[in-house]
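Structure record follows, encoded as structure tokens.
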Amino acid sequence: MHQAPGTPTALRHAPTAVPRPRPPRTRSLIDADAVGVLHRAARALLDDLAGLTDRLLTVLEDREPAYRPALRTDPHTTWREAHRSLRHSVSSLIDPRGTRDAARRCSWKIGVTRAEQGLPLDALLHAFRLGGSLVWQGLVEETARTAPEDVRLLVHVAADVWNFVDEHCTVVADAYRQVERRMRWQRENRVRLLAAALLDGTSRIADLPEAAEALRLPEQGRYVVVAVTGGRPPGPVGPRAVLPEHSQRAHWHTDTDADADYGILLTENGELPDPVVPPAPGTRVGIGNVVDGLAAIGEARVQADLALSLCPTEGGTVRLAEQLPAAMVVSAPELAASLTERVLGPLADIEPADAEVLVETLAAWLACDGSAQRAGERLYCHRNTVLNRLRRYEQLTGRSLGRPSDVVEISLALTARRLPRL
């Protein structure tokens, strides 16, 4: 009916039964004769408890498929557990008060063991009820064999028999659910730890197979990490909403220290996720580059954080692959600040408003691929005005917009100036 306890260590740390106040017992019209019939039949069952146990295991084999693996791989342990449970069940019919605590401990231990072994709770409860039915059937058969005229008296004790079965079904279910909650927490916590180690880049090579199994992702594959923060709906559905429904397989991890959610995405053909529209105002999404294998997830997380740092404060999506110059600037803030001072510092000698106009014109000219005509249209001025402003910048700084190396430095300096952290 139930499998024997596991290792001594497992039992030593297993949850313990919490005693419950015994409900007031209201006796029905059970006379001494009925109790006597019950006790005589119960003692006969105890005398042939081994046979009753064999019958129960046969019924389990036939009527409860979930027990068949245990019955075939470890029949002796299963038999001993069923024998112990039946002994407590039948003994409780003779001495309810004296055996109640021991019977409850037995049922609790069975619930703990079965939960740890992964037997479905429905199957375990079914086994207990089958055992109860078998005990009742044995009482009736024994009384019919020895004193047929007393069979009618058993009806007065039927409620006691089935109340015992119900009570122990509750005990075993409570034990099972307690262990199930503990094991579920342990599994979820282990998954969190494995995912955190991958994202932090501290995961050991030896842990990668376990991490792959826990996260349900292949160890070898092409991955990208997505970082989401700010303005998203709470709960696990929130960060997932930033990606299209047809998106790749992913595992989401919440980093409370960083106040961000990270998606480890298995990409198809090494492609980045489709462009994302934030589901809520203020949602910021950073998408790193594609990396190979779970071992490189730490690197991918750094890239996602870098992309996230480039997102506007009001919300938006940044793909690192599309913002590499800005990423380089953010990655070396001190060098970027030095470059900005070197390229734009000379403008501090003129009026701030004039300096701002020159910087704005430089940015527009670069954005328009060096076209003064289009830059003028963007700035609502004549192309000659644009050219005059550019020449003034060259005169003030000694730089030439015709020299590629100067243009690269100017572009990076303008990027650094645009980023609030610099």
Consider all pairwise Cα distances in region 102-150 and report the whole-number % of them above 16 Å. 55
Local net charge near ALA307, Cβ-Cβ under 12 Å (Lys/Arg +1, Asp/Glu -1): +1
Can you give me the angle between helix 32-47 and the longest principal axis of the chain, using Cα atoms only, in degrees from 0 to 90, rounded to the nearest 10? 70
Which angle between 0 and 90 degrees, to the nearest 10, do you get for helix 75-94 versus the longest principal axis of the chain when only C-alpha atoms count? 60
Accessible carbon and sulfur surface of the chain relative to its total accessible area, %, 1.4 Å: 52
Cα convex hull of region 161-216: mean projected area in nm², to one decimal? 4.8
Expressed in angstrom and rounded, the centroid-to-centroid distance over alpha carbons for region 371-398 and region 285-304 is 41
Which Rg and Dmax, in Å, describe the Cα atoms of the chain? 37.4, 122
Rg(Cα)/(2.2 N^0.38 Å) for region 126-236, N = residue count: 2.08
Say R0 is 35 Å: what FRET efficiency, to the nearest 0.05, do GLU341 and ALA206 get from their beta-carbon distance? 0.15
What are the principal axis extents of the Cα atoms in region 248-407, in Å, biggest first? 55, 32, 30
Compute the Rg to Rh ratio over region 39-195 from the alpha carbon atoms, using the Kirkwood formula for Rh, and round to two decimal places. 1.05
On a 0 to 90 degree scale, rounded to 10, what angle separates helix 404-418 from the longest Cα axis of the chain? 50
The summed charge of the SER338 Cβ neighbourhood (under 14 Å; Lys/Arg +1, Asp/Glu -1) stands at -1
Relative pair counts by distance (%), Cα atoms of region 35-113, 5 Å bins: 3, 15, 22, 23, 19, 12, 6, 1, 0
What is the sum of charges, Lys and Arg at +1 and Asp and Glu at -1, for the other residues whose Cβ falls under 11 Å from the Cβ of ALA196? 0
Along region 262-268, what does the Karplus equation 6.51 cos²θ - 1.76 cosθ + 1.60 (θ = phi - 60°) give for ³J(HN,Hα), rounded to whole Hz, x for Gly and Pro? 10, x, 8, 9, 7, 8, 9
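Given just the C-alpha atoms of region 299-353, how large is their convex hull per residue in cubic angstrom?
Per residue, the Cα convex hull of region 299-353 comes to 107 Å³.
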Please report Rg (one decimal) and Dmax (integer) in Å for the Cα set of region 339-417. 11.5, 30
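The values are calculated or read from the model by the stated rules, or taken from the named source; none is laboratory data. Worth saying up front: this structure is predicted, and the values here are computed from it rather than measured. With ideal geometry, Cβ positions are generated from the backbone for all residues, glycine too; neighbour counts draw on all protein chains shown. Side chains are part of the model used for accessible areas, which takes the heavy atoms of the whole protein and leaves out ligands, DNA and RNA. Shrake-Rupley method; radii C 1.70, N 1.55, O 1.52, S 1.80 Å.
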